[in-house]
Every structure is written in structure tokens, then in C-alpha cells.
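The values are calculated or read from the model by the stated rules, or taken from the named source; none is laboratory data. In this text the structure is predicted, and so the values were computed from the model without any measurement. Cβ sites come from the backbone with ideal geometry, for glycine too, and all protein chains shown count toward neighbours.
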Amino acid sequence: MKVTHFIVLFAILLSVSGLSGCVQVAAWERGNLAKPQMALEPTPLQSAIQAHVYGSREAAASINSSGGGGGCGCF
């Protein structure tokens, strides 16, 4: 019976700590969150090109390239 109390207490603490991360963002702070630097991928085109070049030069099959490259190993 003691273990069930521990599990219930742990579940309550976990849910309370999870809810503490939810906050209201003020209107004047939303502009800071919408900046391009805050994006997960700030330069998606440049990252896609670099991934394609890396996949081509290393002769590795990647999502962005349709086949293997030269395989010379130079970068």
C-alpha cells in the first residue's frame, strides 16, 4: 500500500511540474519570439544546400540527394 501512495504522489508532482511550464506570453513579447533567430532552422535553404553538398562529396545517400557522389572525400 505504501508503493501506491508513492506512485500517486509522483504522478501529482509530475503533473504539477508539467503545468508550471505553461505561461501566457504578453503581446509586446511575441515580437521577440517571432524573430528569425528564434526559429529551429533559421536558414533552411542554406542548410539544405550544405546537406546536399556534404552528401554528394562523401558519397553518402542522404534525403536530399538522389544518388552517390564522387567519393573523393574532399570537403
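Descriptive notes on the structure:
- Summed over segment 1-25, residues that are modelled with pLDDT of 85 or more and aliphatic (A, V, I, L, M) total 7.
- Close pairs from segment 17-38: first in a helix (DSSP H, G or I), partner surrounded by 10 or more Cβ atoms within 10 Å (Cβ to Cβ), Cβ under 8 Å, at least 6 apart: P36/P42; M38/N32
- Of the residues making up segment 26-75, those that are at pLDDT below 75 and in contact with a Phe, Trp or Tyr (Cβ under 8 Å, 6 or more places away or on another chain) are R57, E58, A60, S62, F75.
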